[in-house]
Every structure is written in C-alpha cells, then in structure tokens.
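Asker: Got a structure here, written out as structure tokens. Questions coming.
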Amino acid sequence: MILTPLATRLRPTNLDEFVGQQHLLAPEKPLYQAIKTGKVHSMIFWGPPGSGKTTLAKIIAESSNAYFVSLSAVMIGLKEVRQEIEAARRRLTEDKQRTLLFLDEVHRFNKTQQDAFLPAIENGTLIFIGATTENPSFELNNALLSRTTVYVLKSLSEEEVLSIIQNALKNPNSGFDSKEIIFEESLQQRLAKIADGDARQALNILELLMTQAPRKQGKITIDETYFHKVITNGLRRFDKAGEYFYDQISALHKAVRGSSPDGALYWFTRMIDGGADPLYIARRVVRMASEDIGNADPKALEIALNAWDVQERLGSPEGELAIAQAIVYMAVAPKSNAVYTAFKGAMQDAKSNGTLPVPFHIRNAPTRLMQTLGYGQHYRYDHDEPNAFAAGQTYFPEEMGEKIYYHPVERGLEIKISEKLRELRRLTIAQGKGK
C-alpha cells in the first residue's frame with residue numbers, strides 16, 4: 001500500500017522538473033544561476049500555498065550539496081532551533097558539510113525566535129530559507145530581512161497546473177497506469193481551474209478522484225457525474241488571517257469608495273464563498289460608512305449598523321443579504337472623506353502639541369474656588385445668542401489659534417453643511433470687525 005501523498009511522491013528533484021516561477025528561474029535570472037552553480041545564500045520565499053516553496057528549498061540543498069533540515073514554525077520552539085544550529089555547527093566542523101535549514105511558516109516565529117538564527121546566518125554555519133504566505137514586511141523583523149533575500153513566488157497558472165496533472169497521470173511513480181484511465185481533458189482543465197494555482201491541492205484532488213473512481217469496462221473512469229460528485233465545494237483559496245484575506249478586503253473597500261456596486265458585490269461574495277466571517281466584513285463595512293461617505297450621507301452608517309445587527313440576529317444567509325444591501329447602498333452613495341481627514345488632522349495636532357491648557361472661558365466651574373480663579377468667565381451661552389451662535393467665541397488653546405480641520409465636500413448632505421459653516425464663519429468675521 002502506498003502511504004505517502006501523491007504530491008510528495010511526485011515532488012520534483014531538479015530545476016528541469018520544476019514547474020512555474022519563471023520570473024525567478026529562467027536561465028538568465030540570478031536565483032537560477034545561484035542554484036546551478038551551488039553558490040546559494042540565505043533567503044525568504046514569500047508565496048501562496050502550493051507554489052513550490054518547499055520543493056525549491058530541497059532542490060537548492062541538493063544543488064549545493066548541503067544537508068537538508070526541514071522544520072515547521074508551528075511545531076517547534078527555541079530549544080529545537082538551538083539544537084539544529086548546534087548540529088549544523090558540528091556538521092560543518094567535522095564533515096565539512098553545510099546545512100540548509102528550511103523553516104516553513106517562518107512568520108509564526110516571534111522576534112526573539114527569529115533572532116536566534118542571525119548569528120548562524122552571519123557566520124555561515126547554515127544556509128537559512130524561510131517560507132511564508134504572509135507579507136514579510138509585516139511579519140518578519142528587519143534584522144532577519146537584512147540578512148536574507150526575499151523572493152516572491154506566484155500562484156501557478158492554469159496551464160502550469162494542467163501540465164502537473166497530466167505529468168502525474170503519466171508518471172510511473174504516481175501508481176497510476178495511464179492506459180487504464182479515462183479522464184477527459186476538459187475535466188482535467190476544470191480540475192486545474194479548481195486548484196486555484198495550488199499544485200499540491202491539484203495533486204491531492206487528483207489522488208482523491210483516482211482512488212475512489214468507479215471502473216467501467218475495466219478502466220478507471222472519471223466522468224462528469226463522478227467529477228461533480230467529488231468536487232462539491234468551490235475549493236477557493238481563502239486564508240482568513242493572511243495576505244489573500246486582506247487583499248480582498250482592500251478590493252471590497254476600494255470598490256465601495258470607487259462607487260462600483262458590482263465590483264463591491266463581487267469581492268464580498270468572493271470572501272463569503274471562501275469562508276470569511278460575515279461579522280468581520282460587517283464591521284469593516286461600518287468603517288467604510290464613516291471613512292468614505294461620512295456626512296455626505298449619514299444614513300449609510302445607520303444602514304451599515306443595521307446590517308451588522310441583522311447578521312448577528314439571523315446569521316446566514318439572511319444576514320449576508322443585509323450586508324450586501326448595505327454595501328450596494330454605500331457604493332452608490334455620495335462620497336466624502338472630510339470627517340476622516342479632519343479626524344486625522346486633529347489627532348496629529350493633539351499628539352504633537354502636548355498638554356496645552358483649556359482656555360478659561362470654556363472650562364467647567366462647578367465650585368466657588370474655580371469661579372474665583374476665573375473658570376468659565378466670559379463664556380457666552382450659545383442658546384442665548386442670535387441664531388444660537390456665539391459669533392467670535394474661540395474653542396482652541398490660545399497657543400494654537402483657531403484651526404479648521406473639517407472641509408465638507410460639495411456632495412450630498414455636506415453641500416448644506418458647507419453652506420451653514422460658511423455663514424457661521426461670515427458671522428464670526430463680522431463680529432470681529434464690529435469690535
């Protein structure tokens with residue numbers, strides 16, 4: 001009985017067998033030259049699942065005649081790291097052989113754990129290759145990044161995945177006999193599409209199809225009915241904590257901001273289809289209502305909150321429809337980031353100006369002592385003023401002078417807000433001239 005997975009049995013052992021990543025592995029590329037000459041360096045592979053990170057690391061170890069050690073950051077800690085570094089040191093001293101240490105999911109290590117590799121990388125004790133599906137800029141510390149070269153691996157194209165599937169069907173190590181298989185090329189192409197650029201997933205599904213397929217006239221037969229039965233889920237790639245997730249959230253937000261209800265709906269359904277938490281999306285939709293629509297249409301915030309409430313009360317699919325309704329409303333609503341920009345401007349001043357004192361006239365004066373000290377003196381109660389507006393009264397620390405952060409746009413309700421503010425400022429200027 002064959003126990004190892006098909007993807008492991010068919011793992012390429014050299015660059016000639018490796019499929020994909022031609023932007024890195026074309027003959028004229030530096031990484032290709034380094035592998036071919038065996039003059040390799042420490043590096044980080046950043047790419048999606050099934051793009052060949054582990055396979056490429058093994059090929060590099062073979063080409064450089066290095067001892068290959070494969071670890072997973074999920075399974076080990078600092079103790080194991082130090083043991084492997086010490087073993088690498090002995091190997092180099094006693095056997096004159098370098099060690100290539102491959103750490104999968106390197107982003108799972110914290111700063112202290114990542115730092116443990118630095119001396120061994122610097123003094124040449126080992127060649128370090130880290131693999132991650134996350135953006136190294138955010139997940140890896142600068143010290144490790146400065147000592148490695150980051151290579152970005154891409155999802156495989158459908159054509160590349162199809163070639164892997166077809167090679168597997170013909171490869172004697174697969175355990176299949178191509179002469180005894182009926183598998184229409186149109187279905188092979190669909191499998192390549194479903195795998196979503198992930199070679200490992202393509203081979204895992206292929207193995208599942210082959211091991212359970214019925215025999216017709218003595219041959220393993222994968223027809224439309226059987227294929228559809230096995231492939232019941234879309235198998236979309238979706239990492240609810242990773243790069244794909246944030247890319248798709250970004251796409252949804254930008255589609256709403258760009259007034260594209262269709263684009264926004266597409267990215268929303270992509271995430272839902274991939275298994276995203278609708279409540280998380282609902283929270284982000286509330287953010288969109290404040291950041292990109294604001295007072296141009298305050299009702300957008302209300303609708304977003306209502307959609308969140310519906311999702312919490314009813315769950316799926318009713319809640320998802322309410323979120324979709326909110327997304328469409330906001331996509332077609334008038335846009336304004338005036339409040340968002342004003343908030344950032346005020347926050348910047350609050351942080352940079354320190355603890356400036358509150359002007360006496362707008363301080364609270366609940367006690368006789370405070371009144372004696374001048375708290376609240378000369379404050380003009382707006383409701384007692386014409387138009388309920390104390391023209392000329394100031395509200396900023398004296399050291400700052402009066403600031404204007406909020407600049408309403410000429411869209412939606414903010415048109416009227418802008419008119420109101422212009423009138424109030426006119427009255428303030430008139431008050432100053434009348435003194």
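The values are calculated or read from the model by the stated rules, or taken from the named source; none is laboratory data. Predicted, not measured: the structure shown is a model, and the values here were computed from it. Every residue, glycine among them, receives a Cβ derived from its backbone with ideal geometry; neighbour counts consider all protein chains shown.
Asker: Can you name every residue in the range 395-426 that is surrounded by 15 or more Cβ atoms within 10 Å (Cβ to Cβ) and over 16 Å from Asn295 (Cα atoms)?
Answerer: Phe396, Pro397
Asker: Take the conditions surrounded by 12 or more Cβ atoms within 10 Å (Cβ to Cβ), small (Gly, Ala, Ser), modelled with pLDDT of 90 or more and not assigned by TED's automatic domain parsing to the domain that holds Pro298 and apply them to Ala388. Does it pass?
Answerer: The answer is no for Ala388.
Asker: Quick check on the range 126-140: of everything there that is part of a helix (DSSP H, G or I) and in contact with a strand residue (DSSP E or B) (Cβ under 7 Å, 6 or more places away or on another chain), which residue is modelled with the lowest pLDDT?
Answerer: So the residue we want is Glu139.
Asker: In addition: Under 7 Å between Cβ atoms, at least 6 apart or on separate chains: pull out the pairs that start in the range 21-39 with a residue that is on the phi > 0 side of the Ramachandran plot and touching a residue at least 12 places away in the same chain (Cβ under 8 Å) and end on any residue that is part of a helix (DSSP H, G or I) and hydroxyl-bearing (Ser, Thr, Tyr).
Answerer: Pairs that qualify, where the first residue is on the phi > 0 side of the Ramachandran plot and touching a residue at least 12 places away in the same chain (Cβ under 8 Å) and the partner is part of a helix (DSSP H, G or I) and hydroxyl-bearing (Ser, Thr, Tyr), are Gly38/Ser63.
Asker: Hey, another quick one. Got a sec? Which helices (runs of 4 or more DSSP H) wholly within the range 281-380 have at least 3 residues that are within 37 Å of the chain's Cα centre (by Cα)?
Answerer: Values: elements: 299-314, 318-332, 338-352, 368-372.
Helices (runs of 4 or more DSSP H) meeting the threshold: 299-314, 318-332, 338-352.
Asker: Taking the residues in the range 170-204 that are among the basic types (Lys, Arg) and under 20 Å from Glu224 (Cβ atoms) as candidates, determine which candidate is surrounded by the fewest Cβ atoms within 10 Å (Cβ to Cβ).
Answerer: Looking at the filtered set, the residue picked out is Lys193.
Asker: So is Lys433 modelled with pLDDT under 90 and within 30 Å of Lys254 (Cβ to Cβ) or not?
Answerer: Taking the combined requirement at face value, the residue does not satisfy it.
Asker: Restricting to the range 270-282, and then to whatever is surrounded by 15 or more Cβ atoms within 10 Å (Cβ to Cβ) and under 28 Å from Ala195 (Cβ atoms), can you tell me which residue is modelled with the lowest pLDDT? Reasoning before the result, please.
Answerer: Step one: list which residues in the range 270-282 are surrounded by 15 or more Cβ atoms within 10 Å (Cβ to Cβ), which gives 270-272, 274, 276, 278, 281-282.
Next, from what is left, pick out any that are under 28 Å from Ala195 (Cβ atoms): 270-272, 274, 276, 278, 281.
Values: Arg270: 88, Met271: 87, Ile272: 86, Gly274: 74, Ala276: 80, Pro278: 88, Ile281: 91.
My answer is Gly274.
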